[in-house]
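K.L.:
Please read through the structure below; I'll follow up with questions.
The values are calculated or read from the model by the stated rules, or taken from the named source; none is laboratory data. Everything numeric here is computed off the predicted structure, so don't read it as measured data. Note that we place each Cβ from the backbone using ideal geometry, even for glycine, and neighbour counts take in every protein chain shown.
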Amino acid sequence: MPASVPSPTPVSTDAAPAAIGPYSQAVVAGGMVYCSGQIAIDPRTGALDDGDVAAQTRRVLSNLQAVLQAAGTDLGHVVKTTVFLKDMGDFAAMTAVYAEAFGAWRPARAAVEVARLPRDVRVEIDAVAALP
């Protein structure tokens, strides 16, 4: 008899900004964590970090780490990210902060310039991670 497959489970944490629509911060399914895109909102205050792209990227990655931690994993288990930039001219500054956050680990990544992001932020990042 085949083993039953657990149902997908939503992830929610107060350590990251709450979902502002009909979606979850992340969903765990099949040993993987699928994180919704994070933007530069401080989860404690709800305020937008309106700094430069480096400051926003730090906040975004901190928010992603909080969601991943709530799901039982971390940035070191991320296998894929998608980076959405308001201006591809910010690519180098975003990448410098991104590289610091991931250290020697290099998940697969796509980076695209988009016309507009929620709350007119400069960067949004989503992630897929494995559970340890």
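K.L.:
With (1) touching a residue at least 40 places away in the same chain (Cβ under 8 Å); (2) assigned to a strand (DSSP E or B) as the list, and Arg109 as the residue in question, which single condition is left unmet?
P.N.:
Against the list (1) touching a residue at least 40 places away in the same chain (Cβ under 8 Å); (2) assigned to a strand (DSSP E or B), Arg109 comes up short only on (1).
K.L.:
Among the residues in the range 93-105, are any β-branched (Val, Ile, Thr), modelled with pLDDT of 95 or more and more than 26 Å from Val28 (Cβ to Cβ)? Write out each step before concluding.
P.N.:
Of all residues in the range 93-105, those β-branched (Val, Ile, Thr) come to 95, 97.
If we keep only those that are modelled with pLDDT of 95 or more too, we end up with 95, 97.
Keeping just the survivors that are more than 26 Å from Val28 (Cβ to Cβ) gives 95, 97.
Looking for residues that are β-branched (Val, Ile, Thr), modelled with pLDDT of 95 or more and more than 26 Å from Val28 (Cβ to Cβ), one finds at least one in the range 93-105, hence yes.
K.L.:
Would a scan of the range 34-42 turn up a residue that is without any contact (Cβ under 8 Å) to a residue 12 or more places away in the chain and over 30 Å from Ser4 (Cβ atoms)?
P.N.:
no
K.L.:
Any residue in the range 113-120 that is surrounded by 15 or more Cβ atoms within 10 Å (Cβ to Cβ) and of a type outside the set (A, V, I, L, M, F, W, C)?
P.N.:
For the range 113-120, residues surrounded by 15 or more Cβ atoms within 10 Å (Cβ to Cβ) and of a type outside the set (A, V, I, L, M, F, W, C): absent.
K.L.:
Anything in the range 18-28 that is among the hydrophobic types (A, V, I, L, M, F, W, C) and under 15 Å from Ala70 (Cβ atoms)? List them, or say none.
P.N.:
Correct list: Ala18, Ala19, Ala26, Val27, Val28.
K.L.:
Within the range 13-24, count every residue that is surrounded by 14 or more Cβ atoms within 10 Å (Cβ to Cβ) and either of a type in the set (A, V, I, L, M, F, W, C) or in contact (Cβ under 8 Å) with a residue 40 or more places away in the chain (or both).
P.N.:
4
K.L.:
Please state which one of Val27, Val5 is at pLDDT 95 or above and either surrounded by 15 or more Cβ atoms within 10 Å (Cβ to Cβ) or more than 24 Å from Asp120 (Cβ to Cβ) (or both).
P.N.:
Residue meeting the stated conditions: Val27.
K.L.:
Quick one: how many residues across the range 66-93 are of a type outside the set (Lys, Arg) and over 18 Å from Arg116 (Cβ atoms)?
P.N.:
The first filter runs over the range 66-93 and keeps only residues of a type outside the set (Lys, Arg), leaving 66-79, 81-85, 87-93.
Then drop every residue that is not over 18 Å from Arg116 (Cβ atoms), which leaves 66-79, 81, 92-93.
Residues that pass the stated criteria total 17.
K.L.:
Considering only residues that are farther than 12 Å from Val67 by Cα and either touching a helix residue (DSSP H, G or I) at 6+ places or on another chain (Cβ under 8 Å) or polar (S, T, N, Q) (or both), look in the range 30-46 and name the one that is surrounded by the most Cβ atoms within 10 Å (Cβ to Cβ).
P.N.:
Ala40
K.L.:
Against the condition more than 15 Å from the chain's Cα centre (by Cα) and modelled with pLDDT of 95 or more, how does Met88 come out, does it pass?
P.N.:
yes
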